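The values are calculated or read from the model by the stated rules, or taken from the named source; none is laboratory data. None of these values were measured; they are calculated from a predicted model. Neighbour counts run over all protein chains shown; Cβ positions are idealised from the backbone, glycine included. The protein model used for the area step is the full one, side chains on, heavy atoms only, and it has no ligands, DNA or RNA in it. Shrake-Rupley method; radii C 1.70, N 1.55, O 1.52, S 1.80 Å.
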Amino acid sequence: MDRLVVRGGRPLSGTVEISGAKNAVLPLMTAALMVDGETTLKRVPNLKDTRTMIRLLDIVGAGVSFDAGEMSIDGSTVNNLEAPYDLVKTMRASFYVLGPLLARFGKVRVSLPGGCAWGPRPVDFHLKGLEKLGAKITLEGGYILAEADRLKGNKICFDFPSVGATGNIVMAGVLAKGETVIENAAREPEIVQLCEALNTMGAKIDGIRTDKIIIEGVDQLHSADLDVIPDRIEAGTYLIAGAAMGDITLNYCNPKHLEVLIEKLIQAGAKIDTSENSISIKKANSINPTDVTTEVYPGFPTDLQAQWIVLMAIATGSSVVTDTVYHDRFTHIPELNRLGANIKLRDNIAIINGVDHLIGAPVMSTDIRASASLILGAIMAKGQTDISRVYHIDRGYESIEKKFQALGVDIVRKND
Ligand code: EPU
């Protein structure tokens, strides 16, 4: 099993190119299943999750080719309307096949994802939304069976603006008969990208970027060429590294997707310059303790909560980080404390007492973003840190050790 070995304490300098967004490309790949033809995607990150989604598309019968960041998906050969447990349990985003296959073929069988490393993560909004569109949903042997001759538009109001449920219902609504209105919809850039991509494919979606999405159903979608937006969470992770240790520039990123993070980094003492698609950051002389509460977009993203905590671990005082999106997403805290951080957890609130420096130690990854925080901790720490179970990080960060090596970090991957 791969591990990463980091000798920390070195300054970061240079430029890093941000990859296409994991959480944008995964629903785009399943949207391609709604087309009786070929969809091409550019700037597709080569990630474990992208490859898992390729396996899933292959299982349902779509033809996929993927080379040098370019992917083509042929939805004309889809012939197996099932997402098996083996894949769904390793990647919850597999659930994104539900809406598209049901809408196009009138039937789909998808394994229920089950629990996740940091909590239950239910899918009730997805299922209730599809029922509102006229689907008959049954549970058999751990699988959801959804059936409908043709979905019918309806009004759906989510209790919480779920990203995944919004994506699934938008995709289902696009091929439903009549008008679908989603209230309290997610507005994350990845949802905006999905809606705009679907419109390029012939859908009629209005209210994009707002919490009320209005869809006029169409009979079919057509082929399209799509560009994946930059990964704001990958960009945010490098920015946080820069705030602690660097003088670095991020290219191919979208500063507009990172406004709250940039504001917080400036409060923490970093110096930042932005242009249309790049961000430069110089480290703070000392890190000011800066509280953060995660919220849905445009608030501070939960996917950067773990990375923010590690920056606060070396701040000059105490700070508080609250996660309102996922109340249990804190598996990184005991590992960061192994690096000498002083973090206490009370319910969904982390109380961080800044320490002078972190010290290298063996630590273990538990999920994608927790692993990212451990790498950041290792880069900031004095001495050597061994990070095990790095397959978690490979799910969501393209070539992470190569990108950090190019910035001057002493980081190597070992397999022994
Ligand atoms: N929720 C429900 N019922 C549902 C769906 C969601 O109660 O049916 C709750 C969740 O339990 C959670 C909240 O709603 O408390 C938000 O969950 P959401 O559905 O928005 O999350 P998701 O779609 O499962 C996506 C990203 C996550 C990211 C969240 C929040 C993808 C593939 N995943 O998950 O990304 O944390 O939105 O922004 O887009 C990651 O990349 O590391 C990651 C976990």
At R0 = 35 Å the Cβ-Cβ FRET efficiency linking Lys177 and Asp211, nearest 0.05, sits at 0.90
Convex hull of the stretch 208-362 built on C-alpha atoms - directionally averaged projected area, nm²: 11.7 nm²
Go ahead and estimate [θ] at 222 nm for the chain from helices alone: -39,500 (n - 2.57) per DSSP H run with n ≥ 4, summed, over the residue count, rounded to 500. -9000 deg cm²/dmol
In nm, what is the difference between 0.36 nm times the number of residues separating Ser65 and Asn415 and their Cα-Cα distance? 123.1 nm
Apply 1/(1 + (r/R0)^6) to the Cβ-Cβ distance of Asn251 and Asn342, taking R0 = 56 Å, and write down the FRET efficiency to the nearest 0.05. 0.95
Could you estimate the translational diffusion coefficient of the stretch 298-416 from the Stokes-Einstein equation, with Rh from the Kirkwood formula over C-alpha pairs, at 20 °C and 1.002 mPa s, in whole µm²/s? 148 µm²/s
Over the stretch 85-150: Rg over Rh, Cα atoms, Kirkwood Rh: 0.96
If R0 = 56 Å, then His222 and Thr293, at their Cβ-Cβ distance, give a FRET efficiency to the nearest 0.05 of 0.85
Binning at 10 Å from 0, report for the chain what percent of all alpha-carbon pair distances ends up in each bin. 5, 23, 31, 24, 13, 4, 0
Compactness index (Cα Rg / 2.2 N^0.38 Å), the stretch 22-227: 0.91
The answer for the chain, accessible area per residue at 1.4 Å probe in Å², is 39 Å²
On full extension of the chain, what length is gained from Asp356 through Tyr85, given 0.36 nm per residue of separation minus the C-alpha to C-alpha distance? 93.0 nm
Hull volume per residue for the stretch 116-176, using the convex hull of the C-alpha atoms, in Å³ is 89 Å³
Along the principal axes of its C-alpha atoms, what lengths does the stretch 225-264 span, in descending order and rounded to whole Å? 39, 18, 12
Lys, Arg +1 and Asp, Glu -1 on Cβ, resulting dipole of the chain about Cα centre, debye, nearest 20: 760 debye
Quantify, in whole percent, the carbon and sulfur part of the accessible surface of the stretch 22-227 (1.4 Å probe; protein heavy atoms only). 46 percent
For the stretch 264-416, give the percent of accessible area contributed by carbon and sulfur heavy atoms, probe 1.4 Å, rounded to a whole number. 48 percent
